[in-house]
Amino acid sequence: MVANPVSQRLSNRRILLGIAGGIAAYKSAELVRRLRDHGADVRVIMTRAATEFITPMTLQALSGHPVHLDLLDPAAEAAMGHIELARWADLLVIAPATANTLSRLAEGRADELLTAVALATRAPVAVAPAMNQAMWANAATQANLQTLAARGIRVMGPAEGSQACGEVGAGRMLEAPDIADRVAAMFESRLLDGVRVVITAGPTREAIDPVRFISNHSSGRMGFALARAAAAAGAHTTLIAGPVHLPTPERVQRVDVVSAADMLAAVETALPDCDLFIGTAAVADYRPAEVAQQKIKKQAETLSLALTRNPDIISRVTQASPRPFTVGFAAETNDVLAYARNKREAKRLDMIIANDVSVPGIGFESTENAVTIISSHGEQSLDRMPKEQLADTLIHAIADAYSQQHPNP
Ligand code: PMT
């Protein structure tokens, strides 16, 4: 768990940073680094004037994404157009916001990328002004600020002190850590802010020969829905997925695997950065003892395959030190609750979600599910509902149990 409250608020957030053309633009580089260190995904828009003060290359390297410069650039529009950028953002912060940019924002101009995105976004907008003290004090600038504040745009700073132009007064842009703190404070806290969640999903495939495998009917839907819900609850979410045909949920890091051995390796790689593990994967319990190098030919009437046990991934998780809060699933066709309770004990799980897969229309492959949550605090049945909705309910229950074990410092 990330204990820093700023990181908790910023983890998994999408921050669009607008940089206007002022000497304070050099501080924007530090701001990108700070926001990213706190777990935010940062994209940068620069005005042409800003590129005179700091290079797009610097901002690209620090943000890890190409910098957006022009409104009418067909290549950039094809990759991520201004409307897409506006939709992508959880928050637009313009730092530095020059007197010119504040004026253009107040006017509602849409003739260059930054102000066009500011007009198009539904996300909250903040500005960190930076300019000469006389420009700041000018009635025109103050009137623009009032207009912007009346529209709900948050004004951060400026600070007072000596300025790059040699004068002293109000107009210095706030320092990057201060802006990052204020940006964080603009977000509501979420259930799993800053918690690092690893989820396994889907089936595994155990090769028999180069063209055949043993597997099961898991579609990955339950695990993908949980990954979406965990990320929406603020978790850094890693989804380790067996072979499925599902799109990656937003803000989720996906690792694709095929066999149980691959899944175990991916889980072991993820474990040092895992606070909460959820095993929804239907891992094959056995694999062929030997994988034929060539396609097995049809000959005799019967064919016997020797199988060998796969490692139990979730049991490895509960043996790890430090041990994440661990939630398993139990897919059963009979004596569902009794088997699930036993599995919780045997695998030393904090919680298990019992899934009666004998009922038509729920469990494997279907879009709906009904489950019972079993933990040391008791049992709770959840009636049939779409997996997406169930995932939100489960993430609430899991986050509650997790926070009881990990009260906020
Ligand atoms: O993918 P969907 O089509 O949406 O279907 C969802 C689901 C039915 C697969 C899911 O809701 C579910 O119940 N997943 C668990 C499936 C299962 O096979 O459970 P199990 O009883 O075999 O295993 C118990 C727990 O141990 C599970 O958390 C499992 O991930 C884990 N396990 C099992 C075997 C193994 N070798 N390693 C493991 O980690």
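The values are calculated or read from the model by the stated rules, or taken from the named source; none is laboratory data. None of the values given here were measured: they were computed from a predicted structure. Neighbour counts run over all protein chains shown; Cβ positions are idealised from the backbone, glycine included. Quick note on the areas: whole protein, heavy atoms, side chains included, nothing else; ligands and nucleic acids left out. Shrake-Rupley method; radii C 1.70, N 1.55, O 1.52, S 1.80 Å.
Here are some notes:
- Of residues in region 102-127 being within 22 Å of Arg14 (Cα to Cα) and not hydrophobic (A, V, I, L, M, F, W, C), the one most open to solvent (accessible area, probe 1.4 Å): Arg122
- Looking across region 193-214, the residues that are open to solvent by less than 50 Å² (accessible area, probe 1.4 Å), away from the ligand (no atom under 11 Å from the Cβ) and either among the polar types (S, T, N, Q) or out of contact with any Pro (no Cβ under 8 Å at 6 or more places or on another chain) (or both) come down to Asp193, Gly194, Val195, Val197, Asp209.
- Enumerated strands (runs of 3 or more DSSP E) restricted to region 234-338, each holding at least 3 residues that are touching a residue at least 24 places away in the same chain (Cβ under 8 Å) and within 13 Å of the ligand (Cβ to nearest atom): 236-241, 276-279, 325-332
- In region 215-233, residue nearest to the ligand (Cβ to nearest atom) [restricted to those that are aliphatic (A, V, I, L, M) and open to solvent by less than 50 Å² (accessible area, probe 1.4 Å)]: Met222
- Residues in region 178-192 that are within 15 Å of Arg14 (Cβ to Cβ) and open to solvent by less than 10 Å² (accessible area, probe 1.4 Å): Ala180, Val183, Ala184.
- Filtering region 365-382 for residues that are near the ligand (Cβ under 10 Å from one of its atoms), open to solvent by 80 Å² or more (accessible area, probe 1.4 Å) and modelled with pLDDT under 95 leaves a non-empty set.
- Apart from one condition, Gly166 fits all of (1) farther than 22 Å from Leu10 by Cα; (2) not in a loop (DSSP other than H, G, I, E, B); the exception is (2).
- Close pairs (7 angstrom Cβ cut-off, 6 or more residues apart or separate chains): more than 10 Å from Ile15 (Cβ to Cβ) in region 75-94, crowded, with 18+ Cβ neighbours inside 10 Å and hydroxyl-bearing (Ser, Thr, Tyr) anywhere: Ala86/Thr121; Ile94/Thr101
- Some residue of region 344-364 being surrounded by fewer than 16 Cβ atoms within 10 Å (Cβ to Cβ), on the phi > 0 side of the Ramachandran plot and more than 8 Å from the ligand (Cβ to nearest atom): yes
- Matching entry among Leu307, Leu271, Leu276 (being in the same structural domain as Ile214 (by TED's automatic domain parsing), closer than 18 Å to Val195 by Cβ, modelled with pLDDT of 95 or more and open to solvent by 20 Å² or more (accessible area, probe 1.4 Å)): Leu271
- Residues satisfying the stated conditions in region 44-61, i.e. more than 18 Å from Asn100 (Cα to Cα) and either open to solvent by 50 Å² or more (accessible area, probe 1.4 Å) or in contact with a Gly (Cβ under 9 Å, 6 or more places away or on another chain) (or both): Val44, Thr55, Met57, Thr58, Gln60, Ala61
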